[in-house]
Amino acid sequence: MIRSLIGVPLLLALLFSCVQKDSPEGSVEVSAASLVVESNKTWKAGKTLTIVFLDGEDWLKDEVIQIANEWTVYANINFDFYKSYELVPSGKSVQIKISFIDEKNRSFVGKDSDRFFAAKKSPSMWFGTIAGQTGSQRKGTVLHEFGHALGLRHEHQNSLRDFKFNLEAMKKYCLEKWGKDEKNCHAEVLDTFSSGKIISVSYDPHSVMHYDLHPDLTDSEEKIGYGNQLSLLDKIEIAKVYPGRMTGEEIVVLHEDQIYQLELVEHYKNCQIEVGSNSSGKTFNFVGLNKHEYRYAYSSRNRADAIANMRADKYCNMSFEELQVFRQDIKSKQDKERSFGRCIVPKASDASKVPLNCKKEFPFMIAEKDFSKTIDHLCYPTFGSAVYSMKRSNYCSKSDQELADEVLLDAAEFRNSRSYKNCYLAKFPETQMTGIVKYNCPSGFPYMILTGDKSDRAVKGCSSRWKNKVKEMRSHPNCN
Ligand SMILES: [Zn+2]
């Protein structure tokens with residue numbers, strides 16, 4: 001499955017992929033409308049599928065179970081999960097075997113899960129990359145692969161689709177992004193299904209079985225493919241493939257209620273969605289209703305992802321009482337200071353004594369004990385993170401004597417290595433004071449390579465690290 005293509009972070013594009021390993025055979029009668037259903041591979045309605053995890057972490061298994069079961073709200077089919085093979089009662093046959101060890105997310109289609117691998121403990125479904133996905137991406141991936149396991153094919157391969165692929169661009173994308181050769185690209189993306197056993201009466205671009213397709217890959221002006229959830233038609237049609245659980249009318253009512261609930265979460269408990277933008281477009285984020293109190297650092301390109309993250313966030317879900325404790329805790333930390341060796345993390349109210357202005361959301365810094373300067377020119381969001389960095393700082397643990405020795409040694413080394421062929425390393429403002437040079441460097445970045453001729457031209461810009469500059473000088477053509 002590929003839900004996000006060009007124009008999204010590379011990570012996302014890499015995360016989604018799936019293939020089917022089945023080979024077409026036989027032909028069976030029609031039972032569904034809009035989904036691309038391979039009807040000779042669907043299970044019997046009412047069946048309980050035994051599903052076992054072959055490996056993986058517990059939290060991932062729990063999430064897969066929770067997400068996959070959404071299909072069973074609409075489809076008259078049951079999932080009986082076992083977290084390891086040892087837990088499956090002896091004599092019980094297993095239909096679907098899940099592994100998290102793979103490079104891709106993929107699944108066999110319908111009964112092929114059982115047919116080809118019944119006797120072996122080898123997987124029929126893989127979630128190779130979901131551990132690194134966001135909650136809502138995981139939801140999309142799990143629903144998609146379980147859709148395959150229920151007998152569904154890709155919706156973008158529906159013969160009734162209303163767009164044309166940009167063939168060359170798509171093949172190039174297949175190869176470069178997913179390592180799919182032309183044959184695989186045709187089989188999993190481009191080709192439509194037209195044989196008798198494939199059922200589709202209409203086309204649904206909102207289906208969870210549809211890849212997200214960037215406009216560069218098709219003749220559409222807009223991206224095709226949506227979100228990480230079951231579309232209304234996904235729900236209605238799977239209920240027709242596996243009849244007996246919910247009627248179409250019941251599904252419509254339930255679906256509308258779910259949409260309504262989703263729209264409500266623009267504000268969710270203690271948090272809200274904030275829309276911003278950066279160089280690559282719109283971003284979505286969630287923040288505390290009191291922004292200064294809580295700001296989540298991760299920006300999402302996708303509103304649904306931001307909402308999913310917000311709903312899962314501990315702060316956003318805090319009760320009023322918990323929030324009071326949280327606030328008290330912030331306040332008491334801001335009223336504390338902690339020192340280590342030659343350094344100190346001053347309490348927030350003392351921040352103004354240090355010559356660095358930190359913003360309200362990042363009020364903490366590491367400073368010299370006498371507040372004369374900061375150690376790393378950084379502002380930290382929490383007292384704890386500043387203390388953590390302070391304790392790991394080499395500088396903070398050094399004595400005055402060690403530091404003085406180091407400065408002397410550094411100066412001697414610097415003097416010995418500052419000249420090379422046509423160039424020399426200048427240190428500002430020292431060199432400037434000789435009157436030779438018209439350059440200056442900002443505080444903290446005093447080193448610059450100059451040519452040694454009368455022009456004293458700068459070879460490159462200012463740096464904080466003279467050793468790196470020496471290396472650069474020795475390899476720079478102007479100096480050689
Ligand atoms: Zn797929």
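The values are calculated or read from the model by the stated rules, or taken from the named source; none is laboratory data. Only a predicted model underlies this, so the values are computations on that prediction, with no experimental measurement involved. Note that each Cβ is placed from the backbone with ideal geometry, even for glycine, and that neighbours are counted across all protein chains shown.
Overview of results
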{"item": "For residue 185: the one exception among (1) over 22 Å from residue 64 (Cβ atoms); (2) touching a residue at least 40 places away in the same chain (Cβ under 8 Å)", "result": "(2)"}
{"item": "Tally of residues being buried (at least 18 other Cβ atoms within 10 Å of the Cβ) and among the charged types (D, E, K, R) across region 71-91", "result": "0"}
{"item": "Qualifying residue in region 101-112 (condition: away from the ligand (no atom under 14 Å from the Cβ), touching a strand residue (DSSP E or B) at 6+ places or on another chain (Cβ under 8 Å) and β-branched (Val, Ile, Thr))", "result": "yes"}
{"item": "Filtered residue count, region 328-345, keeping only those that are in contact with a Ser or Thr (Cβ under 9 Å, 6 or more places away or on another chain) and either closer than 21 Å to residue 377 by Cβ or in a helix (DSSP H, G or I) (or both)", "result": "8"}
{"item": "Qualifying residue in region 200-214 (condition: buried (at least 17 other Cβ atoms within 10 Å of the Cβ), assigned to a helix (DSSP H, G or I) and at pLDDT 85 or above)", "result": "no"}
{"item": "Within region 357-375, tally of residues that are surrounded by 15 or more Cβ atoms within 10 Å (Cβ to Cβ) and either in a loop (DSSP other than H, G, I, E, B) or assigned by TED's automatic domain parsing to the domain that holds residue 295 (or both)", "result": "7"}
{"item": "Residue within region 72-86 that is in contact with a helix residue (DSSP H, G or I) (Cβ under 6 Å, 6 or more places away or on another chain) and within 16 Å of the ligand (Cβ to nearest atom) present", "result": "no"}
{"item": "In region 138-159, residue nearest to residue 212 (Cα to Cα) [restricted to those that are in contact with a Lys or Arg (Cβ under 8 Å, 6 or more places away or on another chain) and more than 10 Å from the ligand (Cβ to nearest atom)]", "result": "140"}
{"item": "Subset tally (residues that are modelled with pLDDT of 90 or more, aliphatic (A, V, I, L, M) and either more than 27 Å from residue 123 (Cα to Cα) or more than 24 Å from the chain's Cα centre (by Cα) (or both)) for region 134-181", "result": "6"}
{"item": "Residue that is nearest to residue 203 (Cα to Cα) [pool: residues in region 155-192 that are in contact with a strand residue (DSSP E or B) (Cβ under 7 Å, 6 or more places away or on another chain) and assigned to a helix (DSSP H, G or I)]", "result": "156"}
{"item": "Pairs, first within 18 Å of residue 143 (Cβ to Cβ) and more than 15 Å from the ligand (Cβ to nearest atom) in region 203-215, second basic (Lys, Arg) and part of a loop (DSSP other than H, G, I, E, B), C-beta under 6 Å, six or more apart", "result": "none"}
{"item": "Where a residue in region 123-145 is within 24 Å of residue 95 (Cβ to Cβ) and among the aliphatic types (A, V, I, L, M) and its partner, wherever it lies, is within 12 Å of the ligand (Cβ to nearest atom) and not in a helix (DSSP H, G or I), with Cβ under 6 Å and at least six apart", "result": "125/107; 143/208"}
